[in-house]
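> If you scroll down you'll find the structure; I have some questions about it.
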Amino acid sequence: MSSVSSLDSESKHSDEDIPETLTDENVNVNLTSEHSPVNGFILLQKARLPGALVNVVGVVVSYTPNRKSSGTDYTCSLILVDPSIPNNVKGISVNIFRSRKEHLPDLSVGCIFIGKHLRINMFHETTQLVATKEESTFKVICDIANQNQQFPFNMRQHAKEIMAYANYLRRWSAFLSNPKVGNYTSLSRQRRKIEELSPHMFFDLIAEVVMVYPAENAVDLYVTDFTENKLLGNREYRSNTPYGLCSGSILQITLWDEHAKDGEDLQIGTFVLLQNLHAKINSNGDLVAALHGDRELRRKKIIVLDKNDVEIAKLTRRRNAYYEEHRNSLERHERDSFPEPESDTTEQSITRIRCNNNIKFTDIDDIKDCPEPVGLFRTRGRVISVIPSNFEDFSRPYCHGCNKVMNFAECKNCTQCSERLKEFKYDFGLLFEDELGAGTLPVLITDEDANTFLDGLPPVNLCKNPIVLQKLKDRMHRLLGNVLNSQASCGPLIDFCVMSYEVKDEYDKPIRIYKMFDTTLEDE
């Protein structure tokens, strides 16, 4: 530990040396004296003694996506620079290890990284810093304008100095034409939702691809994160946009230069991380975004997320919430666009549907207004939409140990415990509309209630069992009518039973769930 003490003491100086607000002039004075402006921290170029623990602050110029290490941990890597790093050196590498993927930092190029108790390591005669899960703490500052940053406990005594130095580093990286960082770091950039966007903003975005249109020398990419922005409401999109999204939820991104090829290969339904987007208002008054090439730093800025990524689970929950909130009005608008069919299909009924008639009948609106969170109800409605849209995904792998249904039918291992998956479970949802088209009810169909609803159709891998898949399609098509062809409210009315209960969402707020109960859809 003596080596650590010597390094720390080498960078220490009195509080009088640290001004309350750093200016370019007084920071340069401190840097030329080879001291970090933050008490107890060192400049990156001073990290030389292998095995020592050091504290550093720097600008992120590149990084790798979070990933599984060769062992049991999760890891990511980044490159840091500060004014002590020579122009002919790319920076110093930092490798971070954590037990859980969500504990890794949320990085972007140009953000400020503060690391405490990083261990100096030599790899092929190159200095690296390692943030171990036992010794190290870190803090990432993307929004430098936010002065109310929450620091780890062991950094709080230096928080004022760190923020002052971080402000200087952002100005240094922006105005000194540093080729390692690029001039776009002059603006505060962080990961945003579509609802948070405004003109002239640089940002990162996680979203789902809904359309891809190659254009001359560019590609127009249309994405959504299932939030809405009123500045996006001027465009009209095709009626078959996935999930019936309105234009206010879809962002047009023009991909230029080397990114056009990456964008052209993207598939609809892919979840992506898009980095260093620039928002602006186009000639039609719409908010759009662009992703240009980077001549100085050729780095991939379109990253396809792994199917097991936690960000996909967050987007899926947001999509379900969007679906519940908007489907009623969207389907009504779509229904008004179609002429009435010659035959009266609104009074159809499925004769081979069984439910518990001993349960009192309740209208859909009255079910949703019921003050009691738990209850059993019998009601009447027709299906106006279904999630997921592919029947193959109705039955998905299930981990008995974690009691968890996977998000994708192709999953081989549990995303939580990594156990090999052998069992499948039904897990899908139907959105019902009442007879008058005035109220809707989202109904989850899973577990034993799904087996009752689809009596005789075992939960199997539907991608590999075409016979079961075809039987499922036959039953569901009678229930759905032509809903899958976007002809809303043409399905038959049915009586069915639901159970209501409450769960906590990701923000620990109670939400009401409705689950199919004691109802069977039979063969003809």
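> I'd like to verify a number: residues in the stretch 34-59 that are part of a loop (DSSP other than H, G, I, E, B) and of a type in the set (Lys, Arg), how many?
Counting residues in the stretch 34-59 that are part of a loop (DSSP other than H, G, I, E, B) and of a type in the set (Lys, Arg) gives 1.
Conditions tested, residue by residue: (1) among the hydrophobic types (A, V, I, L, M, F, W, C); (2) over 20 Å from residue 303 (Cβ atoms).
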| site | (1), (2) |
| --- | --- |
| 61 | yes, no |
| 66 | no, no |
| 69 | no, no |
| 77 | no, no |
| 83 | no, yes |
| 86 | no, yes |
| 98 | no, no |
| 105 | no, no |
| 108 | no, no |
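> If a residue has to be touching a Gly at 6+ places or on another chain (Cβ under 6 Å) and assigned to a strand (DSSP E or B) to count, how many in the stretch 65-92 make the cut?
Final tally of qualifying residues: 3.
> Please list, ordered by first then second residue, the pairs with beta carbon atoms under 8 Å, 6 or more apart or interchain, first in the stretch 357-375 and within 13 Å of residue 517 (Cβ to Cβ), second open to solvent by 80 Å² or more (accessible area, probe 1.4 Å).
359/376; 374/502
> Next question, about the same structure. Identify, by number, the condition in (1) touching a Cys at 6+ places or on another chain (Cβ under 8 Å); (2) small (Gly, Ala, Ser); (3) over 26 Å from residue 466 (Cα atoms) that residue 409 doesn't meet.
Among (1) touching a Cys at 6+ places or on another chain (Cβ under 8 Å); (2) small (Gly, Ala, Ser); (3) over 26 Å from residue 466 (Cα atoms), residue 409 violates only (3).
> Now for a different question. State the number of residues belonging to the stretch 177-208 that are assigned to a helix (DSSP H, G or I) and modelled with pLDDT of 85 or more.
Of the residues in that region, 3 qualify.
> Another question, then. Across the stretch 65-83, what is the total count of residues that are surrounded by fewer than 18 Cβ atoms within 10 Å (Cβ to Cβ), under 18 Å from residue 111 (Cα atoms) and free of Cβ contacts under 8 Å to residues at least 60 places away in the same chain?
1
> I'm checking my understanding of the structure. Among residues of the stretch 123-165 that are polar (S, T, N, Q) and open to solvent by 50 Å² or more (accessible area, probe 1.4 Å), which one is nearest to residue 202 (Cα to Cα)?
Of everything passing the filter in the stretch 123-165, 146 is nearest to residue 202 (Cα to Cα).
> Looking only at the stretch 406-434, count every residue that is in contact with a helix residue (DSSP H, G or I) (Cβ under 9 Å, 6 or more places away or on another chain) and not basic (Lys, Arg) and tell me the total.
Total satisfying the criteria: 13.
> Give the residues of the stretch 373-393 that are more than 19 Å from residue 435 (Cα to Cα) and either touching a strand residue (DSSP E or B) at 6+ places or on another chain (Cβ under 8 Å) or part of a helix (DSSP H, G or I) (or both), sorted by residue number.
Listed by number, the residues that qualify are 373, 374, 375, 376, 387, 388, 391, 392, 393.
> Determine, yes or no, whether residue 62 is open to solvent by 20 Å² or more (accessible area, probe 1.4 Å) and either outside the structural domain of residue 169 (by the TED database) or assigned to a strand (DSSP E or B) (or both).
yes
The values are calculated or read from the model by the stated rules, or taken from the named source; none is laboratory data. Worth saying up front: this structure is predicted, and the values here are computed from it rather than measured. In this analysis, Cβ positions are derived from the backbone assuming ideal geometry, glycine residues included, and neighbour counts consider all displayed protein chains. Areas reflect the complete protein model, heavy atoms only, side chains present, ligands, DNA and RNA absent. Shrake-Rupley method; radii C 1.70, N 1.55, O 1.52, S 1.80 Å.
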